[in-house]
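Worksheet for the structure shown next.
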Amino acid sequence: MSMVQITRKIGDQIYLIELQATVEKVSETFDIGTLEIIQENNKKKAAIYVGNQCMEGVVETLQKPLAVLQKSHVGNDSLPIQELNIVSFIKEKIRFSSRPLPVKI
């Protein structure tokens, strides 16, 4: 088991997701589960549902925002130029630190 960090876009906001788990890729798509952000008493909470299990987490503001960059190649063969464009900023992270709970169906 190790620390896993991934990103997820919800609306216009991109979140950094931090959890301790072993993530196995079963198919070509990297679909971990369903992520929900819950606003509760001026606090944001998160829940991720994977199969019949649920993990609850907290949304925290990053001390220093992270930039999401996109590399593109411009120019021609004789003078290749690489550009880095800022796509978005990551301002918050979701930290899951508790064990998964079974979901009652």
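Taken over region 1-57, the criterion of being polar (S, T, N, Q), at pLDDT below 80, surrounded by fewer than 10 Cβ atoms within 10 Å (Cβ to Cβ) and touching a strand residue (DSSP E or B) at 6+ places or on another chain (Cβ under 9 Å) is satisfied by SER2, GLN5, THR22.
The combined condition, being of a type outside the set (S, T, N, Q), at pLDDT 80 or above and out of contact with any helix residue (DSSP H, G or I) (no Cβ under 6 Å at 6 or more places or on another chain), is not fulfilled by ILE105.
Given the criteria surrounded by 11 or more Cβ atoms within 10 Å (Cβ to Cβ), touching a His at 6+ places or on another chain (Cβ under 9 Å) and over 20 Å from LYS104 (Cβ atoms), does GLU60 qualify? Judged against the criteria, GLU60 is not a match.
The values are calculated or read from the model by the stated rules, or taken from the named source; none is laboratory data. Keep in mind the model is a prediction, meaning the values are calculated, not measured. Every residue, glycine among them, receives a Cβ derived from its backbone with ideal geometry; neighbour counts consider all protein chains shown.
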